[in-house]
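Right, one structure below, let's go through it.
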Amino acid sequence: MSKNLRRDFTNRDEMVSYLRQEFVQADLLDSNVSATPGGRKAAEAQLNTIYPKKYAKTRNYIDGAVTRLSPYIRHGVLNLAEIRDKALDTVDNPDDAEKFVQELAYREYFQQVYTTIGDDIWESQEDWKTGYNENDYALELPDDIRNGQTGLACVDGWRNELVETGYLHNHVRMYFAGYIVHWRRIHWKAGASWFLEHLIDGDPASNNLSWQWVASTFSHKPYYFNRENIERFTNGVYCKGCPLYGDCDFEGSYDEVAEDLFPNTNIAEEQRQNTQRRNRNRSRKG
Ligand SMILES: Cc1cc2nc3c(=O)[nH]c(=O)nc-3n(C[C@H](O)[C@H](O)[C@H](O)COP(=O)(O)OP(=O)(O)OC[C@H]3O[C@@H](n4cnc5c(N)ncnc54)[C@H](O)[C@@H]3O)c2cc1C
């Protein structure tokens, strides 16, 4: 029979030291304590801060109007329907909440896939579209990534945020996963299980399927990026102080990066054609 845990504490520090004693193994794995408070009261307070209209325009920026509701959703403190209803209450026109509700729907979709496939969530759902195969990817996460010692200010910064706060912005999760899988050719499973060690919203459905989406085993092409994109959506916070600025692994246009990462595919060529098409359209518009 499982032991009933104490619930009465005079303050958070007392609760944290009690939990450290009760969960010694977890404390050894990661002794950081997230600043996010638990409980329904804190969840409702966070829910009252959401701004769906601004979310739609700014969600890809690390200082955009994201909600940080995921830990409460993950642990069943808030449910998706009440969050959707709250979002619709805060807008004059329901269209202004559409992007936000779509993201909630993604979470639900991933849960439904998990319900259907169970432990197969740990298997690649489709072939890789990177020009490489399952066996080309290393199964161990290298120490320089795990310890934040790659020398890349952004990557080491993301690692520290992950380990110290248990939260990463969605765009940062995408960059970090893309770096691990495509630049370092590490299997998505190694990165996914490391994320689950630290994320306070860690959830096999959203996590593993998102890693697979980045990897291309749950999407039609791999997700990748370049330095310009990181600089733009992070307002330069990492690039500014990076000793490798201008000469880092992410430098180059999208087709140059794709050429390096996926030389045995036509991804770079498609990227070049897309860019040419976009430029032609732009010059036509004048
Ligand atoms: C590699 C990778 C790993 C991820 N691992 C997890 C995980 O373990 N647990 C988890 O809950 N989410 C995960 N996500 C999805 C997403 O990054 C987080 O849900 C989101 O960043 C949580 O922050 P938020 O509450 O501020 O999100 P907001 O942007 O404010 O979104 C509101 C809610 O919508 C849902 N949502 C938003 N974006 C996504 C998305 N892309 N996919 C699925 N649901 C979304 C979440 O429930 C989120 O709380 C992962 C994404 C990637 C790319």
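None of the figures in this text is laboratory data; all of them are computed from the coordinates on show. Predicted, not measured: the structure shown is a model, and the values here were computed from it. For neighbour counting, all protein chains shown are included, and Cβ atoms are generated from backbone atoms with ideal geometry for every residue, glycine included.
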**Request:** Show the residues, 5+ positions off or on another chain, whose built amide H is closer than 5 Å to the amide H of Ile186.
**Result:** Ala138, Val181
**Under 27 Å from Lys99, Cα to Cα: lysines that are on another chain or at least 8 residues apart** = Lys41, Lys53, Lys54, Lys57, Lys86, Lys221
**Item:** Length gained when the stretch Asn264-Asp85 is fully extended (0.36 nm per residue, less Cα-Cα span)
**Value:** 59.7 nm
**Prompt:** When the dipole is taken about the Cα centre of the chain, and only Lys, Arg (+1) and Asp, Glu (-1) are charged at their Cβ, what size is it in debye, to the nearest 20?
**Reply:** 1020 debye
**Prompt:** Roughly what angle does helix 153-165 make with the longest principal axis of the chain, taking Cα atoms, 0 to 90 degrees, to the nearest 10?
**Reply:** 20 degrees
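What is the order of Lys240, Lys54, Lys86, fewest Cβ neighbours within 10 Å to most?
Values: Lys240 11, Lys54 14, Lys86 17.
Least crowded to most crowded, the residues run Lys240, Lys54, Lys86.
With each run of n ≥ 4 DSSP H residues scored as -39500 (n - 2.57), what mean residue ellipticity at 222 nm is computed for the chain after dividing by its residue count and rounding to the nearest 500 deg cm²/dmol? Can you show the working numbers first?
Working: 15 runs with 150 residues, N = 286.
One gets -15500 deg cm²/dmol as the mean residue ellipticity at 222 nm.
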**Complete:** The lysines whose Cα lies under 20 Å from the Cα of Lys3, excluding any fewer than 8 residues away in the same chain, are none
**Prompt:** What is the local net charge at Tyr72, summed over the other residues whose Cβ is closer than 13 Å to its Cβ (Lys, Arg +1; Asp, Glu -1)?
**Reply:** +2
**Message:** As I understand it, the value is the acute angle between the Cα axis of helix 98-117 and the longest principal axis of the Cα atoms of the chain; what does it come to in degrees, rounded to 10?
**Reply:** 80 degrees
**Asked** Placing +1 at every Lys and Arg Cβ and -1 at every Asp and Glu Cβ, with all other atoms neutral, what dipole size does the range 134-272 have around its Cα centre, in debye to the nearest 20?
**Response** 260 debye
**Fill in**
Under the Karplus relation with 6.51, -1.76 and 1.60 and θ = phi - 60°, whole-Hz ³J(HN,Hα) for the range 5-22, x at Gly and Pro, equal 7, 5, 10, 9, 9, 7, 7, 5, 4, 5, 5, 4, 5, 5, 5, 4, 5, 6
**Prompt:** Which distance in Å, rounded to a whole number, links the C-alpha centroids of the range 234-286 and the range 53-116?
**Reply:** 30 Å
**Asked** To the nearest 0.05, how large is the calculated FRET efficiency for Ser253 and Glu197 if R₀ is 30 Å and r is the Cβ-Cβ distance?
**Response** 0.30
